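**Student:** Here's a structure for you.
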Amino acid sequence: MSTYAQKKGFGATLWDFLTTVDHKKIAILYLIAGGLFFLVGGLEAVFIRIQLAVPNNDFVSAGLFNEIITMHGTTMIFLAAMPLIFAFMNAVMPLQIGARDVAFPFVNAVSFWLFFFGGVFLNLSWFLGGAPDAGWTSYASLAIASKGHGVDFYILGLQISGFGTLMGGINFLVTIINMRAPGMTYMRMPLFTWSTFVTSALILFAFPPLTVGLVLMMFDRMFGAHFFEAAMGGNTIIWEHLFWIFGHPEVYILILPAFGIFSEIFSMFSRKRLFGYSSMVFATVLIGFLGFMVWAHHMFTTGLGPVANAIFAVATMAIGVPTGIKIFNWLFTMWGGSVKFTTPMHYAFAFIPTFVAGGVTGVMLAAAAADYQYHDTYFVVAHFHYVIVGGVVFALLAGTHLYWPKMFGTMLNETLGKITFWTFFIGFHMTFFIQHFLGLWGMPRRVFTYLPGQGFETANAVSSFGAAFMSVGVIVMLINIILTSVKNVKVGNDPWGDGRTLEWAIPSPPPFYNFKQLPLVRGLDAYWIEKMEGKKGMTPAEPLGDIHMPNSSFLPFIMSLGLFIAAFGAMYHVDKVSWALPVMILGLLITFGAMFTRSVKDDHGFHIHKEELMDDDDKGVKA
Amino acid sequence: MKRLAKWRLISLFAILALVLSGCGEPYLSTLNPAGEVADTQYDLMKLSTLIMVGVIIVVMVIFVLVFIRFRRKDDTIPKQVEGSHKLEIIWTVIPILLLLVLAVPTVAATFKLADVSPMDKKNSKALVVNVRAHLYWWDFEYPGQKIVTSNELVVPTNEKVYFNLKSADVKHAFWIPAVGGKMDVNTENVNKFWLEFDDKKANDAGNLFYGKCAELCGPSHALMDFKVKAISKDKFDAWVTAMQDVKEPLKASTAAASEGQEIFNKSCIGCHAVTPANKMPDTARIAPNLSNFGDRSRVAGILEHNKENVKKWIENPETYKPGNLMTGKYGNLSDDQIDALADYLMGLKVQE
Amino acid sequence: MHAEEKFTYETWPAAPEKSTLEAKNKFLGFWFFLGGETVLFASLFATYLALKDKVPNTNMPLAKDLFELPLTFVATMLLLTSSLTSVYAMYHMKNFAFSKMMVWLGITALLGAGFLGLEVYEFSHYVHEGHKFTSSAFGSAFYTLVGFHGGHVAFGLLWCITLMLRNAKRGLNLYNAPKFYVFSLYWHFIDVVWVFIFTVVYLMGMVG
């Protein structure tokens, strides 16, 4: 046995995770944190549906309802969906390209802790005087008028976690460009890696406008600026533009990795190469590019004028084309294949009709003149839940089942997995299909209640009933996770038996250096090629040698903690409390001190020696 | 796997049942268009739905075939296909054509609905309404007629009505679903658009359309409703004249109401006007104009219009519209005072 | 190649900033970072242009009343020159001439400090004329855009000084060469941003 794989106590394990820079452990951290926030956001969703189940309900008050919807949206997008996607990117992408880690392992840890502290900060608002209540879009006039510190929590929390995301994006871009294994050309990269690449590029260009928007709002709310105050010359439309220049690419940041996960699943469980691989890559890049050209379709009713509305309407419709290409390529990947309906495949299969439904309502929404009717109604709510739940959440649930053995070395129970799928799937359609009609019948979104006599009663009751099903699905999944972890039956390299890409060529979970020797990639679906030639593993591309690894570090945690502390100072500074400014300075000093320490201290990592690797024979790529 | 097919069948029937039964209420639903704007939008909806249903059918046919024909039966390895240029061209070109079919009418409609040139012409005869959105109520000024009313818009049918929209506090959106799509009410600029109210459809809807705020604006966003009385041109003109004739606040007709008027003049008139003339600038009109309160169909835009509800509202507006700006502005009134006040308000009628 | 390996002029590689994997990663990653920064400044520029001269009343100074060429021209020259001196520093870095590199970096830092000094003077001058961060949307937008740039210069100064102090006794090696190089990239970037500020804010502001 290796000297690196010893049993550790709880304290040591905790310390290990607090200081880790290993992409696989960071992936687990993202999965846990993102999963917890997903449960919080889900609970908020349940409260929303309880409140709206009957007219004139008083389960929650009007103000509290606005806090709940704001936090539901913000949590689900920023603190659940994105981190869960980051979990899979971290867990899988480096393995798929045959790398030993990401380009900047230290920065990777910083990214996680920034996201984590940002998320915790945002959610602390519940206990410190009230959550933000201006909607997840936080439109400026309402956000500036909002009393208390709710919106301040939103501004500061998102800035902190946004920095983390931005750094993560850069990290993945560099990793994919510089650290591919020998033979892994761009056009041999698995589609999940491609979508990680395009997503990271979107993050890089989409997050700065959000940061600017948040900074402007912070200046307005906390430091006396007037960006959004009409009486002082300000203009709230600037916020709408900045928010949506970020916000539209953001939905592609979410959906492209989902497409990537589904592409892997379709190909694996059909035992077929992805149909039209190069057009899939092209479509992914095109969707990413067009994602920046369409933001104003969220603002059709803002009053930008018919010219802008017409241009953005046509540009938006254009996105339907590459998305359609993808749908048909997936269908034809299965066509002629040998399709096995595992739990991940259930989600992937159900994703197609669901996402097509969400996609076509997207095209309907793109028709600007008609959108004046749909805008800000339940029709829009239904549309984006069809794409985000039917696309992103289905992918995350599928990915959890698919990659669980790779991340934890044990398989989730398939029967329970399918029960989760069916309850969630049925509940989902029951909840959201009817909402299209609610919108068309005249029900605006973000209403804390509705009056009787407008024809909304039955549909809302059905919708709330469906939400109960979805909750049951999630609970079954939690039970599944607990049972699986308790049993902990270990599995081999390729537990699904249909693995095609490099991550399935190495043990589950992989050793911390991933590949003992970097593999030689001979084509798309590198592992599949070797399997078809009757080989058990990859051909190594290099002789066995020393491996250079980065050191663990506690600094990422401290850096992020500093900003977390500083945020409290900045926020309470408005109330003129005496301790606010010192706390803010202290926090910033902690962060900059940690950065300074990092840059001054020598940290060259360490080497795993050849001899140790040879002892470690039951791990890594077999030559 | 039979369950899957069955479920699809059931959901299909459910959809069908919904489509047949559900066009919503005639005074509220976008699927019961009651005017040129809503018609245009409804046509676009139908066109896009039609195209999209076509796409869905194609996808579903392939989807079902895959499900039936290609399930794993044995361990044979299927042929590894790279792709097909012919197919790829087909599913690139056809969607582009379909989208063009949708794009052309979309662009045409977008320009048509944005055409407000008649209201900007000099000596224009067009009917213009200046809409000012306030936290949870709506102010309607008719600059050409020099009158103001609140929470209940009165419009003539079968002619274009032009709107200037501006907010007094935070962003709102002005929406009369059955009559046409919404437009945002911004804090920094005036947005303009037009609507047309169809006479026949207005009759079907009892001459009263529901209007809503469609942009989250605070706790009572959900309750920021208004009503639209769409009446024939003649009746509208009569209403305008009746409104213009009210130069002085209407005199109370009963003893109780006179008492109420006194209370009103002490506690309420600071914010609420009871004459319809638009002499004050819009920024000074900080509460709903009550000149024709007795003629309206809802109290505060939401409650059924009767004396009981007026009293309840005055007693504690916070219960009915959380976060409204009226709560706590008029001191404590006794039950008798509120009763008198309600009598007075219910008597404020400009027309019989 | 080990990062801490000792080098001579002869063994020093031609592109020391890209000769290890870590260095290559750093180099590429930093370019991406600058890409993100570009979008950040683009957003700030757009905001500034939207709010330029938007003031609550007519007594307040507008762009054409405020900006004066001589001062900003001197500031521009200082920053442009500092970009040039950082090029000299990198030239010497590539030639393994450590002390010469340090001298030029020192000059770069001094020029940067001079620029910052002028900016502080300029801001206080505007505040006296009634153009404050809190006085109008125009003021907020102006100080945010130019101040963000100034903040970047200040951060660059700290970075430069930290680098110089840390490596004063260690000399050049493949571990710190990319760090110097990346700093110089950053410095060029804020220089380019300033050129845009000079054009968009000051020159276009004076035209009216």
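Quick note: the coordinates plus some simple rules give every number you see, no bench work behind them. Note that the coordinates shown come from a computational prediction; the quantities given were computed from them, not determined experimentally. Reconstructed Cβ throughout: ideal geometry from the backbone, glycine too, with neighbour counts over all protein chains shown.
**Student:** Starting from the exponent 0.38 and prefactor 2.2 Å, build the expected Rg for chain A from its residue count and divide its actual Cα Rg by it.
**Tutor:** 0.96
**Student:** Right, something else. Can you list residues from other chains, or at least 5 along the same chain, whose modelled amide H is less than 5 Å from the amide H of residue B:164?
**Tutor:** Under 5 Å from the amide H of residue B:164: B:129, B:130, B:131.
**Student:** If all Cα-Cα distances of the range A:140-299 are sorted into 5 Å bins from 0 onward, what percent lands in each bin, rounded to whole numbers?
**Tutor:** Cα pair-distance distribution for the range A:140-299, in percent: 2, 8, 15, 17, 16, 12, 9, 7, 6, 4, 3, 1, 0.
**Student:** Compute the label zone of residue B:245 within the range B:332-352: residues whose backbone N is under 16 Å from the point 7 Å along Cα-to-Cβ.
**Tutor:** Once the point is set 7 Å along Cα→Cβ of residue B:245, B:348-352 turn out to lie under 16 Å by backbone N, inside the range B:332-352.
**Student:** Right, something else. What order, most packed first, do the peptides C:150-160, B:280-290, A:306-316 have when packing is the mean number of other Cβ atoms within 10 Å of each residue?
**Tutor:** A:306-316, C:150-160, B:280-290
**Student:** Highest mean first, how do A:538-544, C:78-84 rank when packing is the count of other Cβ atoms within 10 Å averaged over residues?
**Tutor:** Values: A:538-544: 16.1, C:78-84: 19.3.
Ranked by mean Cβ neighbours within 10 Å, highest first: C:78-84, A:538-544.
**Student:** If you bin every alpha carbon distance in chain B into 20 Å steps from zero, what whole percent lands in each bin?
**Tutor:** Once binned at 20 Å, the Cα pair distances of chain B give 25, 45, 21, 9, 1.
**Student:** Amide H neighbours of residue B:185 under 5 Å, counting only residues 5+ apart in sequence or on other chains, H built in-plane at 1.01 Å?
**Tutor:** B:172, B:173, B:174
**Student:** May I ask you to sort C:136, A:141 by Cβ crowding, counting other Cβ atoms within 10 Å and putting the fewest first?
**Tutor:** Ranked by crowding around the Cβ, least crowded first: A:141, C:136.
**Student:** Given N residues in the range B:15-104, what is its alpha carbon radius of gyration divided by 2.2 N^0.38 Å?
**Tutor:** Working it through for the range B:15-104, the quotient is 1.65.
**Student:** Pop out the ³J(HN,Hα) list for the range A:219-231 in order, Karplus 6.51 cos²θ - 1.76 cosθ + 1.60 with θ = phi - 60°, rounded to Hz; leave Gly and Pro as x.
**Tutor:** Calculated HN-Hα couplings, in order: 4, 5, 7, 10, 10, x, 7, 9, 4, 10, 9, 4, 5 Hz.
**Student:** For the modelled label position 7 Å from the Cα of residue A:536 along Cα-to-Cβ, which residues of the range A:580-615 have backbone nitrogen atoms closer than 19 Å?
**Tutor:** Correct set: A:613-615.
**Student:** Report, in whole Å, the centroid distance computed from the Cα atoms of the range C:118-135 and the range A:135-212.
**Tutor:** Using only Cα atoms, the two centres lie 35 Å from each other.
**Student:** For the range A:579-592, in order, what is each residue's ³J(HN,Hα) by Karplus, 6.51 cos²θ - 1.76 cosθ + 1.60 with θ = phi - 60°, in whole Hz (x at glycine and Pro)?
**Tutor:** Per residue, the Karplus-derived 3J(HN,Hα) values read 7, 5, 4, x, 5, 4, 5, 4, x, 5, 4, 4, 5, 5 Hz.
**Student:** Taking chain B as a Gaussian network, where each spring joins two C-alpha atoms under 10 Å apart, which residue of B:87, B:165, B:216 fluctuates the most?
**Tutor:** The residue with the greatest mean-square fluctuation here is B:87.
**Student:** Straight-line reach from residue C:54: which lysines fall under 25 Å, measuring Cα to Cα and dropping same-chain residues less than 8 apart?
**Tutor:** B:166, B:171, B:192, C:64, C:132
**Student:** Continuing with the same structure: Counting only other residues whose beta carbon sits under 15 Å from that of residue C:27, what net charge do I get with K and R as +1, D and E as -1?
**Tutor:** Residues close to residue C:27 contribute a combined charge of +3.
**Student:** If I model a spin label as a point 7 Å beyond the Cα along the Cα-Cβ vector, how far apart are those points for residue A:602 and residue A:478 in nm?
**Tutor:** Distance between label points: 5.0 nm.
**Student:** Along the three principal axes, how long is the range B:255-346 when you take its alpha carbons, biggest first, rounded to the nearest angstrom?
**Tutor:** 34, 32, 27
**Student:** Let me ask something else about it. Tell me, what is the Rg over Rh of the range A:247-332, with Rh the Kirkwood radius over Cα pairs?
**Tutor:** Values: Rg = 15.2 Å, Rh = 14.0 Å.
A ratio of 1.08.
**Student:** Hey, another quick one. Quick one: among B:70, B:236, B:193, which has the greatest mean-square fluctuation in a GNM of chain B with alpha-carbon springs under 10 angstrom?
**Tutor:** Between B:70, B:236, B:193, it is B:70 that shows the largest mean-square fluctuation.
**Student:** Mind checking A:292-303 for the average number of partner chain beta-carbons within 10 Å of each residue's beta-carbon?
**Tutor:** 3
**Student:** Additional query: How much net charge surrounds residue A:31 when only other residues with a Cβ under 13 Å from its Cβ are counted (Lys, Arg +1; Asp, Glu -1)?
**Tutor:** Summing Lys/Arg as +1 and Asp/Glu as -1 gives +3.
**Student:** Could I ask something else about it? Across the protein assembly as shown, what fraction of all alpha-carbon pairs, as a whole percent, falls in each successive 10 Å bin from zero upward?
**Tutor:** 2, 9, 17, 21, 20, 15, 10, 5, 2, 1, 0
**Student:** For chain C, which longest stretch is free of loop sites, where a loop site is one of the GluC sites (Glu not before Pro) that DSSP puts outside H, G, I, E and B and that has at most 12 other Cβ atoms within 10 Å?
**Tutor:** Working: sites that count: C:4, C:5, C:10, C:68, C:129.
It works out to C:130-208.
**Student:** Loop by DSSP (not H, G, I, E, B), at most 12 other beta-carbon atoms within 10 Å: where is the longest site-free stretch of chain C for trypsin sites (Lys or Arg not before Pro)?
**Tutor:** C:7-168
**Student:** Show me, for the range A:282-299, the HN-Hα J-couplings you get by feeding each phi into the Karplus relation (A = 6.51, B = -1.76, C = 1.60, θ = phi - 60°), rounded to Hz, glycine and proline as x.
**Tutor:** 4, 4, 4, 5, 5, 4, x, 5, 5, x, 8, 9, 10, 4, 6, 6, 7, 10
**Student:** Counting just the Cα atoms, what span does chain C cover along each of its three principal axes? Round to the nearest Å and put the largest first.
**Tutor:** Per principal axis, max minus min of the Cα coordinates gives 67, 28, 25 Å.
**Student:** Pull up all non-local amide H partners of residue A:607: gap of 5 or more, or a different chain, and H-to-H distance under 5 Å with H placed in the peptide plane.
**Tutor:** A:549
**Student:** What FRET efficiency comes out for the pair residue A:292/residue C:50, r = Cβ-Cβ distance, R0 = 22 Å, nearest 0.05? Provide the component values of the computation, followed by the final result.
**Tutor:** Numbers: r = 19 Å, r/R0 = 0.87.
Once the sixth-power term is evaluated, E becomes 0.70.
**Student:** Another question, then. Once the Cα atoms of helix B:85-113 and of chain B are each reduced to a long axis, what angle between those two axes, in degrees from 0 to 90 to the nearest 10, is obtained?
**Tutor:** Orientation of helix B:85-113: about 20 degrees from the principal axis.
**Student:** What's the average, rounded to a whole number, of partner chain beta-carbon atoms within 10 Å of each residue's beta-carbon in A:207-214?
**Tutor:** 5
**Student:** Summing Lys, Arg as +1 and Asp, Glu as -1, what charge do residues with Cβ under 12 Å from the Cβ of residue A:280 carry, residue A:280 excluded?
**Tutor:** Spelling it out: positives minus negatives among the neighbours equals -1.
**Student:** Roughly how crowded by other chains is peptide A:196-206, in terms of the mean Cβ count from those chains within 10 Å of each of its Cβ atoms?
**Tutor:** Numbers: counts 0, 0, 0, 0, 1, 2, 0, 1, 5, 7, 2.
Counting other chains' Cβ atoms within 10 Å and averaging over A:196-206 gives 2.
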